[in-house]
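All remarks here apply to the structure that follows.
The values are calculated or read from the model by the stated rules, or taken from the named source; none is laboratory data. This structure is a prediction, so every number in the text was calculated from the model and none was measured. Here the Cβ is made from the backbone with ideal geometry for all residues, glycine too, and neighbour counts use every protein chain on show. Ligands, DNA and RNA are stripped out before the accessible areas are found, and what is left, the full protein with its side chains, is counted by its heavy atoms. Shrake-Rupley method; radii C 1.70, N 1.55, O 1.52, S 1.80 Å.
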Amino acid sequence: MSANHSNKVVLITGGSSGIGKSIGLYLTEKGFIVYGTSRNPDRFKDFKDFTLLQLDVSDTQSIVSAVEIIKQKHGHLDILVNNAGAGITGPIEEIPEEEIVRNFTTNYFGPINVTKAVLPLMREQGSGVVINITSIAAYMGLPYRGIYSASKAALEMTTEAWRMELKSFNIEMTNIAPGDFATNIAAGRYHAPVIEGSPYEKPYGDTLRLMDDHVDSGGDPLEMAKTVYNVINTSRPKVHYKVGAFMQKFSIVLKRILPDRAYEKLLMNHYKL
């Protein structure tokens with residue numbers, strides 16, 4: 001893509017805070033026309049940074065409506081950033097099934113349905129970029145974050161397959177996996193309660209405290225925004241990008257080279273299990 005972004009239209013799901021807002025602000029500064037989304041834009045009446053559309057990734061009708069607004073106004077949509085996501089923690093045995101389903105609806109089915117809604121428009125215009133925001137947690141099953149790891153890993157694998165299906169339409173698709181960033185994802189996360197007397201009471205309680213410390217000391221979301229910008233300006237994006245602290249990225253390399261049980265021992269030591 002050329003450096004002239006003046007009429008390039010970007011849709012970012014979950015754009016009202018955190019990484020999504022950071023990406024939106026950065027791309028607006030670079031001259032893109034940016035649309036963020038929120039389930040309730042009315043809660044952000046003072047939000048002036050870029051346009052917020054009503055979109056709930058778990059509601060297909062709201063997805064279609066938001067894409068239609070952009071289509072009517074601009075006739076094209078150049079970049080989709082599937083950023084809306086939700087955290088979930090808990091012993092898998094104790095997480096209610098409906099919470100697991102809800103998490104997959106937001107983190108996996110949501111991005112798929114938003115992408116399905118924009119692809120006909122991208123195909124018609126003969127170009128497009130779809131960026132799926134996953135997580136470094138997608139590369140390893142983390143204790144008490146197994147459902148989160150699984151939903152993000154599912155999106156990573158789907159992207160690997162889907163990008164091959166889109167090649168002939170000149171539509172690019174890639175994953176960007178962030179590590180821990182200082183955003184409010186921990187606040188929006190579903191926490192299975194630490195149940196008194198549960199066999200998981202101590203190990204889960206300890207792990208929870210450890211995780212919150214990591215997010216609070218996380219990196220600057222601006223790093224994610226810059227990566228998105230670089231991907232948009234790359235004619236052939238890679239399959240995977242990873243953004244985060246050295247040790248977080250290195251943990252993926254370690255998983256590739258260490259025997260499974262040695263890696264598992266490493267994780268268990270880290271989480272003091």
Q. List pairs: first in region 14-25 and over 17 Å from residue 86 (Cβ atoms), second open to solvent by 30 Å² or more (accessible area, probe 1.4 Å) and modelled with pLDDT under 95, Cβ under 7 Å, 6+ apart or cross-chain?
A. 22/222; 24/49; 25/49
Q.
Among the residues of region 221-273, what is the count of those that are in a strand (DSSP E or B) and either open to solvent by less than 50 Å² (accessible area, probe 1.4 Å) or among the aliphatic types (A, V, I, L, M) (or both)?
A. 3
**Q.** Some residue of region 203-220 being part of a helix (DSSP H, G or I), modelled with pLDDT under 95 and in contact with a Leu (Cβ under 6 Å, 6 or more places away or on another chain)
**A.** yes
(Q) Can you confirm whether residue 87 is of a type outside the set (Asp, Glu) and at pLDDT below 95? (A) yes
Q) Are there any strands (runs of 3 or more DSSP E) wholly within region 1-69 with 3 or more residues that are closer than 22 Å to residue 132 by Cα and of a type in the set (A, V, I, L, M, F, W, C), and if so which? A) 9-12
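Any residue that is in contact with a Phe, Trp or Tyr (Cβ under 6 Å, 6 or more places away or on another chain), more than 30 Å from residue 79 (Cα to Cα) and aromatic (Phe, Trp, Tyr) - is there at least one of those in region 255-268?
Quick first cut of region 255-268, residues in contact with a Phe, Trp or Tyr (Cβ under 6 Å, 6 or more places away or on another chain) only: 255.
Pick out the ones that are also more than 30 Å from residue 79 (Cα to Cα) and you get 255.
Pick out the ones that are also aromatic (Phe, Trp, Tyr) and you get none.
No; the residues of region 255-268 include none that is in contact with a Phe, Trp or Tyr (Cβ under 6 Å, 6 or more places away or on another chain), more than 30 Å from residue 79 (Cα to Cα) and aromatic (Phe, Trp, Tyr).
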**Q.** Count of region 227-273 residues which are closer than 28 Å to residue 204 by Cβ and among the basic types (Lys, Arg)
**A.** 6
Q.
Against the definition (surrounded by fewer than 20 Cβ atoms within 10 Å (Cβ to Cβ) and either among the β-branched types (Val, Ile, Thr) or modelled with pLDDT of 90 or more (or both)), how does residue 32 come out, yes or no?
A. no
Q: Scan region 55-88 residue by residue and report those that are open to solvent by 80 Å² or more (accessible area, probe 1.4 Å) and in contact with a strand residue (DSSP E or B) (Cβ under 7 Å, 6 or more places away or on another chain).
A: 69
